[in-house]
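Trainee: One structure is given below, represented as structure tokens, and several questions about it will come after.
The values are calculated or read from the model by the stated rules, or taken from the named source; none is laboratory data. Because the structure is a prediction, the values reported are computed rather than measured. Here the Cβ positions follow ideal geometry from the backbone for every residue, glycine too, while neighbour counts run over all protein chains shown. Each accessible area value is taken on the protein alone, full model and side chains, heavy atoms only, with ligands, DNA and RNA left out. Shrake-Rupley method; radii C 1.70, N 1.55, O 1.52, S 1.80 Å.
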Amino acid sequence: MTGHLAIFLPSVSGGGAERVMVILANRFAEQGFKVDLVLAQAEGAYLSQVSAMVNIVDLGVPRVLQSIPKLARYLRSSRPDAMLSALAHANVAAIIARRLSGIKVRLVVSERANLSVSASNAGTLRAKFMKRFVAMAYPFADHVITVSKGVEQDLVTGLGLSSQKVSTVYNPVVDQELLEKSQLPVEDDWFKRDQAVPVVLGVGRLSPQKDFTTLLKAFSRVREERPVRLVILGEGPLHSELEKLATELGVQGDVRLAGFKDNPFPYMRHCSVFVLSSAWEGLPGALIQAMACGAPVVSTDCPDGPAEILEKGRWGSLVPIGDVGAMAEAINSALAASDQPDVSRRAMDFTVDQAVANYLDILLPGHGDGHPESLNNYNLGR
């Protein structure tokens, strides 16, 4: 295949959206496209994972707003066939830059969060106004890709976007590399096979959105009934607050805030149950990753994604947001269950190949082949 694609991001820091865009950039390049990864600032944990076949364009500015003139100049000089952007503030900047450039490049923006829920939970004035900016800007994009049907519905009903301009494409989450990485040793003695104490696992940024406070409280109740440990992978502003809460609950000896891990997948493969405690999401990749690794799962029924992923509870328990008792009960049930659904099978609906084909169909209609790699090519099992 031939063609020139650009992907615009603020950076490639360690977030889920950045990881997805790097995966897409690498796969587009592997399929023969010329790919520019255009970054407001070329920094972040995923920079080393960008393929040598992908051209990194560093606009060299610390803020996305400041990148608009340089992004417009890039579009005029490079003239890609299509540009994809992700994260709401970057999407708005891309729309403005495209207009300033005067170039008719096809622009597709990716929305990864339920903006109505995000706005209602926002702690800053800037975040509260983002929904308004998005509502004004997104109609000027050629198409909007959402990561779940719930996010799609929010854009149509909450922001008034035309349903003809919005499509859901599930994130490229599962590939053979993920499954191979999950087979590597776990860098934590709590996960050793001869360790009899079960481990509950949470993964995500230590922020209000992920609501690890509820997970900690639920864990403390489970611990009252059985020996159990909790490991949370991730970094963020609530680290000290969560450590303090663990101490107040008297469970600090059985809780590890283990920080960000480049490879969280062995933890997922060897944990006793994975818990997503979020107050809101777009499409939680960590939940899908854990399922691909075969982990029994418990999740809040938050907007949006978990109910779609778990098919309303078919593949794991869904509990109300912030409900400590319900979460503790679901964790206990998962730990006690002798028979678990084969969650890895459901995870195969979120393969990288499927997502790449769908993205290409929207970016360059007719280029996606629509034939994702067969499930037989993926090595399943826990």
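Trainee: Go through Leu215, Leu184 for me and flag whichever is touching a residue at least 40 places away in the same chain (Cβ under 8 Å), of a type outside the set (D, E, K, R) and surrounded by fewer than 16 Cβ atoms within 10 Å (Cβ to Cβ).
Mentor: Details: Leu215 fails: surrounded by fewer than 16 Cβ atoms within 10 Å (Cβ to Cβ).
Testing whether each residue is touching a residue at least 40 places away in the same chain (Cβ under 8 Å), of a type outside the set (D, E, K, R) and surrounded by fewer than 16 Cβ atoms within 10 Å (Cβ to Cβ) leaves just Leu184.
Trainee: Going by the structure shown, is Leu184 within 20 Å of Ala347 (Cβ to Cβ), among the hydrophobic types (A, V, I, L, M, F, W, C) and part of a loop (DSSP other than H, G, I, E, B)?
Mentor: Values: within 20 Å of Ala347 (Cβ to Cβ): yes; among the hydrophobic types (A, V, I, L, M, F, W, C): yes; part of a loop (DSSP other than H, G, I, E, B): yes.
In short, yes.
Trainee: A further question on this structure: Which one of these does Leu159 not meet: (1) open to solvent by 30 Å² or more (accessible area, probe 1.4 Å); (2) over 20 Å from the mean Cα position of the chain (by Cα); (3) of a type outside the set (S, T, N, Q)?
Mentor: Leu159 satisfies all of (1) open to solvent by 30 Å² or more (accessible area, probe 1.4 Å); (2) over 20 Å from the mean Cα position of the chain (by Cα); (3) of a type outside the set (S, T, N, Q) except (1).
Trainee: Output the qualifying pairs, or none if there are none: Cβ atoms under 6 angstrom, residues six or more apart or on different chains, first residue in the range 30-44 and within 14 Å of Tyr74 (Cα to Cα), second residue open to solvent by less than 10 Å² (accessible area, probe 1.4 Å) and not aliphatic (A, V, I, L, M).
Mentor: Close Cβ pairs (under 6 Å, with a partner that is open to solvent by less than 10 Å² (accessible area, probe 1.4 Å) and not aliphatic (A, V, I, L, M)) amount to Val35/Phe28; Val38/Phe8; Ala40/Ser67.
Trainee: Okay, next question. Give all pairs with beta carbons closer than 9 Å in which a residue from the range 340-351 that is over 13 Å from Pro172 (Cβ atoms) meets a residue that is among the hydroxyl-bearing types (Ser, Thr, Tyr) and open to solvent by 10 Å² or more (accessible area, probe 1.4 Å); count only pairs at least 6 apart in sequence or on separate chains.
Mentor: Here the result reads Ser344/Tyr378, each pair linking the range 340-351 to a residue that is among the hydroxyl-bearing types (Ser, Thr, Tyr) and open to solvent by 10 Å² or more (accessible area, probe 1.4 Å).
Residues checked against (1) at pLDDT 95 or above; (2) open to solvent by 30 Å² or more (accessible area, probe 1.4 Å); (3) at negative phi:
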site	(1), (2), (3)
Leu107	yes, no, yes
Asn114	no, no, yes
Ser120	no, yes, yes
Met136	no, yes, yes
Gly150	no, no, yes
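Trainee: Further, regarding this structure: Restricting the search to the range 1-30, which residues are assigned to a loop (DSSP other than H, G, I, E, B) and surrounded by fewer than 18 Cβ atoms within 10 Å (Cβ to Cβ)? Reasoning before the result, please.
Mentor: Residues of the range 1-30 assigned to a loop (DSSP other than H, G, I, E, B): 1-3, 10-15.
Listed by number, the residues that qualify are Met1, Thr2, Gly3, Ser13, Gly14.
Trainee: While we're looking at this one, here's another question. Quick check, is Leu310 in contact (Cβ under 8 Å) with a residue 12 or more places away in the chain and open to solvent by 30 Å² or more (accessible area, probe 1.4 Å)?
Mentor: Values: in contact (Cβ under 8 Å) with a residue 12 or more places away in the chain: yes; open to solvent by 30 Å² or more (accessible area, probe 1.4 Å): no.
Here the answer is no, as Leu310 does not meet what is asked.
Trainee: Show the residue pairs that are 6+ apart or on different chains and have beta-carbon atoms under 8 Å apart, the first residue being within the range 250-277 and farther than 15 Å from Lys217 by Cα, the second being polar (S, T, N, Q) and open to solvent by less than 10 Å² (accessible area, probe 1.4 Å).
Mentor: Phe265/Ser182; Pro266/Ser182; Met268/Ser182; Arg269/Ser182
Trainee: Related question: What number of residues within the range 34-71 satisfy the criterion of being closer than 14 Å to Ser13 by Cβ, of a type in the set (A, V, I, L, M) and either open to solvent by 80 Å² or more (accessible area, probe 1.4 Å) or assigned to a loop (DSSP other than H, G, I, E, B) (or both)?
Mentor: 5
Trainee: Please specify each residue of the range 164-181 satisfying the condition of being open to solvent by 10 Å² or more (accessible area, probe 1.4 Å) and not in a loop (DSSP other than H, G, I, E, B).
Mentor: Within the range 164-181, Gln164, Lys165, Ser167, Thr168, Gln176, Glu177, Glu180, Lys181 meet the criteria.
Trainee: Counting just the residues of the range 187-201 that are free of Cβ contacts under 8 Å to residues at least 12 places away in the same chain and open to solvent by less than 90 Å² (accessible area, probe 1.4 Å), which one comes out nearest to the chain's Cα centre (by Cα)?
Mentor: Among those residues, the one meeting the criterion is Asp189.
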